[in-house]
Amino acid sequence: MPILFLLCVLSLSIWSATTDELITQAHTLQLSESRYWHLLMHTPKDESEIDDDAFFMAQDGKHNLTSELDATIRHFNEDTNRSDESLFCRFPARRAWLEGELNSSFGQGECHAYDTLVAKMDPQKVTLVFPTAHINSPASMFGHTFLRIDSSMESKLMSYAINYAAQTDETNGITFAYKGLFGGYLGFYSMLPYYEKLKEYRDSESRDVWEYDLNLTHDEVMAMVRHIWELQHINSWYFFFDENCSYHMLWLTEIARPSVHLRDHFTYHVIPPETVRAMEEEGLVSTKHFRPSKRTKLLAYEKQLSGESINTAKALASGELKSHDLVTKDVSDIQQRYTLEAAAELVEHDYIGGKLTKEVYVKRYHELLTQRSMLGQGEPLVIEEKANPDMAHHAARFSIAQGWFARRSPLLVGWRPAFHDLGEDDTGYLSGAQIEFLDIQAGIDHEKLSLEKLTVLSLASITPVSHFFKPFSWRMKSGWDRDYGSDRLSFVTRVGAGAAAGDDREFVYVLTEPEVRLGYNTDIGIGLSIGGSVNWWNRMKTLVEVGDVFYLDAPSRVHGSISHLWQWGRSGNVFGRWDIASQEKHESRISVGINLYF
């Protein structure tokens with residue numbers, strides 16, 4: 001024992017004696033100014049974006065990367081505690097990088113928790129996962145991205161999902177949006193089995209999922225895993241537009257491969273579909289996979305089933321009809337198979353949605369699958385793969401058009417930071433979804449500048465009803481426009497709901513919309529709008545709408561519009577629009593121009 005004690009004391013004295021030399025060497029190499037140290041510290045410029053004191057070893061580490069580097073070397077080299085909770089074990093990514101840069105070793109530790117996790121994860125590859133927008137949910141209309149760490153197992157369901165999200169139980173959409181915009185929530189990284197995230201997004205929320213396999217090497221994957229371990233239970237303020245789920249996945253990917261500059265693709269906002277495109281442009285994506293949601297599957301079954309078979313599937317799923325009582329005469333084998341498969345999907349959908357108890361679900365689901373197995377393998381359902389999100393137009397839009405109005409012909413110039421409206425090409429987006437922030441348009445006529453519109457926020461979810469689903473459609477808008485007559489600017493807030501019919505390619509809708517106008521001719525009204533949209537071939541789209549608004553203190557306003565565009569690619573389109581309105585006077589407005597996306 002005395003000999004072991006003397007050896008420990010001797011080794012500690014060696015570490016202590018060389019700490020200043022290591023710090024001096026780090027200063028000589030200017031490691032605190034290196035790109036990788038900035039990546040490890042999540043510091044784009046001079047201040048770290050991590051807001052948790054537990055992430056820093058120096059008291060001023062958030063603002064002083066040199067001080068943080070010195071403290072890190074000192075702790076790694078001198079701390080005698082090297083168990084799971086020690087700084088030595090908590091920061092393996094910093095330790096591995098510093099040992100490589102300094103060409104020195106800080107010795108060994110007893111990091112059992114980290115070693116156990118790595119052995120369990122068996123990290124081999126990384127996949128970027130993009131659940132698309134959730135129908136009828138404004139908070140998820142941008143979609144979402146997270147990373148999956150794949151093991152050597154063939155099945156990916158047991159892989160680990162790496163997610164970043166705001167920590168909140170908030171159910172009020174307005175409160176969530178406000179706090180999300182202004183940093184009212186703390187965001188945390190989480191690590192959980194992939195099948196749980198897949199169940200949440202693909203099944204519970206009916207969101208299609210795209211998977212993008214990244215071509216990272218094993219060493220790069222391990223660099224990412226080491227940093228993920230460092231971020232466990234560490235928080236930072238969550239911001240809906242920039243420091244969001246997708247933004248934090250960019251940090252992890254740059255840690256793995258520092259030669260890429262993913263964050264340089266963005267300025268004032270980071271939108272999930274744009275991060276997918278950024279990774280492709282940086283050459284990170286090797287292969288792509290599409291996982292349809294239960295909603296997409298059931299809509300595909302609807303296209304294959306007759307009306308009678310659809311009713312039978314619904315009766316089987318609800319328990320009104322037992323599978324062994326199924327009458328199959330005059331029904332083809334394929335219709336029988338699809339009917340039972342659709343019923344089983346419906347039962348699972350209802351269980352996930354909380355409409356069935358576990359006991360009822362298990363019994364009914366088992367009966368349907370048993371009956372289905374008796375019919376043989378048959379032809380599998382063919383589900384049409386949707387357009388890849390990387391084909392979608394960019395989020396920010398600059399527009400220029402020539403207008404011909406009743407009393408003037410302005411040159412129209414517009415800018416919209418984000419994101420997509422009903423009249424735009426739906427390729428890569430959720431059809432019928434709209435979300436716009438700060439859409440501004442100015443008019444220039446005879447050297448006179450005028451504000452044509454300023455939309456603070458505009459949302460819409462036009463969701464067609466089907467045999468299996470009965471969602472409502474809704475729309476809201478808040479901002480300034482010149483739609484009230486006499487070509488004068490006024491502020492409008494409009495919220496409405498209704499129903500729609502059709503599919504992703506074409507649909508019609510009916511909405512009733514209460515409206516409040518302030519400013520010019522302040523008034524209250526309620527409107528009825530009927531519209532329709534068609535996605536043609538070669539990325540052309542037409543949107544038509546007519547309506548009537550009945551006001552409290554003014555004549556009703558009949559209005560109509562038709563727009564058509566051709567999207568030539570991700571970066572732009574040409575469009576034409578015709579608006580007519582009648583309220584005391586008849587007005588007509590025509591505009592033709594181009595939209596450029598960035």
Original post:
Once both labels are modelled 7 Å past Cα along the beta-carbon direction, what's the residue 385-residue 465 spacing in nm?
Top reply: 3.5 nm
**OP:** Let me have the relative contact order for the chain, percent, based on Cα pairs under 8 Å that are six or more residues apart.
**Re:** 8 percent
Subject >> Net charge dipole size for region 294-373 [Lys, Arg +1 and Asp, Glu -1 on Cβ; Debye, nearest 20] >> reply: 240 debye
Original post:
Which length gain, in nm to one decimal place, applies between residue 488 and residue 33 when the Cα-Cα distance is subtracted from 0.36 nm times their residue separation?
Top reply: 158.3 nm
**OP:** For residue 150, list long-range residues whose amide hydrogen, built 1.01 Å from N in the peptide plane, is under 5 Å from its own amide hydrogen.
**Re:** 124, 125, 126, 127
Subject >> Over 31 Å between alpha carbons, listed pairs 303/358; 197/303; 363/386; 386/470 >> reply: 363/386
Subject >> Peptide ranges 53-61, 350-358 listed from the most packed, as the mean C-beta count within 10 angstrom indicates >> reply: 53-61, 350-358
Original post:
Once amide H atoms are placed 1.01 Å from N in the peptide plane, what residues at a sequence separation of 5 or more from residue 453, or on another chain, have their amide H within under 5 Å of its amide H?
Top reply: 441
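Highest first, please rank the peptides 35-41, 522-528 by the mean number of other Cβ atoms sitting within 10 Å of their residues.
Top to bottom by mean Cβ count within 10 Å: 35-41, 522-528.
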**OP:** Would you calculate, for the chain, the mean residue ellipticity at 222 nm contributed by helices, counting each DSSP H stretch of 4 or more residues as -39,500 (n - 2.57) and dividing by all residues, to the nearest 500?
**Re:** -9500 deg cm²/dmol
Subject >> Around residue 186: net Lys/Arg minus Asp/Glu count, Cβ-Cβ under 10 Å >> reply: -2
**OP:** Please work out how much length the chain gains when fully extended from residue 408 to residue 552, using 0.36 nm per residue of separation minus the C-alpha to C-alpha distance, in nm with one decimal.
**Re:** 48.9 nm
**OP:** Would you work out which of 275, 305, 252 lies farthest towards the positive end of the dipole of region 236-312? Charges go on Cβ: Lys and Arg +1, Asp and Glu -1.
**Re:** 305
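Show me 102-108, 553-559 ranked by packing, highest mean number of other Cβ atoms within 10 Å first. Walk me through the intermediate numbers first.
On the way: 102-108: 13.1, 553-559: 15.0.
Order by mean packing, descending: 553-559, 102-108.
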Original post:
So what is the relative contact order for region 367-452, in percent, with contacts set as C-alpha pairs under 8 Å and at least six apart?
Top reply: 25 percent
Subject >> Simple label model, 7 Å out from Cα along Cβ direction - residue 366 to residue 21, nm >> reply: 7.0 nm
Original post:
Over region 294-373, what is the relative contact order in whole percent, taking alpha-carbon pairs under 8 Å and six or more residues apart?
Top reply: 35 percent
Original post:
Roughly speaking, what is the stretch gain from residue 195 to residue 520, that is 0.36 nm per residue apart minus the C-alpha to C-alpha distance, in nm to one decimal?
Top reply: 111.5 nm
**OP:** Compute the long axis of helix 307-318 from its Cα atoms, compare it with the longest principal axis of the Cα atoms of the chain, and write down the angle in degrees, 0 to 90, nearest 10.
**Re:** 50 degrees
Subject >> Spatial separation of Cα centroids for region 269-344 and region 541-598, in angstrom >> reply: 36 Å
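Here, each number is a calculation from the coordinates, and none is a lab measurement. Because the structure is predicted, anything quoted here is derived from the model rather than measured. Cβ: placed from backbone, ideal geometry, glycine included. Neighbour counts: every protein chain shown.
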